[in-house]
Amino acid sequence: MRTGFKIIALVTACAGLAGCVDDMESQGEGLSGTPSQFDAMEGRCLSQAAGMTGVPQSAIGINERLQTGGGPILTLDAAGSSYTCRLEDDGSVTVFSEFAD
């Protein structure tokens with residue numbers, strides 16, 4: 001009987017967890033940034049950041065892939081300085097300093 005209770009408790013917990021995951025996913029509605037968009041941006045963002053900073057492309061790190069209401073964003077680290085790369089509506093990318101106005 002105890003084993004049956006444990007199974008029911010486990011199934012109930014899993015169902016509750018699935019509901020939480022669904023709720024978390026629904027909070028992301030309206031945000032854009034798919035894995036393929038991020039993948040397509042990476043090389044162009046790193047190239048543009050290297051040209052802008054003089055840091056070799058191989059030495060620039062990607063810190064985060066962010067989904068935003070305005071499109072996908074990559075945050076970059078170039079020799080300890082933070083940069084942001086966003087995907088523009090026309091498909092190009094723009095890199096700018098974290099401290100840009």
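So here's what we get for this one:
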quantity	calculated
FRET efficiency estimate (nearest 0.05) - Cβ-Cβ, residue 98 to residue 59, R0 22 angstrom	0.80
Calculated from backbone phi, Karplus (6.51, -1.76, 1.60) coupling profile of the stretch 64-76 in Hz, x at Gly/Pro	8, 10, 10, 8, 9, x, x, x, x, 9, 10, 9, 10
Rounded FRET efficiency, nearest 0.05, which uses the C-beta distance separating residue 34 from residue 79 and R0 of 30 Å	0.55
Highest average packing first - 84-91, 45-52, Cβ atoms within 10 Å	45-52, 84-91
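Bear in mind these aren't lab numbers, they're just calculated from the coordinates by the rules spelled out. Just so you know, these numbers come straight off a predicted model, no measurement behind them. Because the Cβ atoms are built from the backbone with ideal geometry, glycine has one as well, and the counts that use them run over all protein chains shown.
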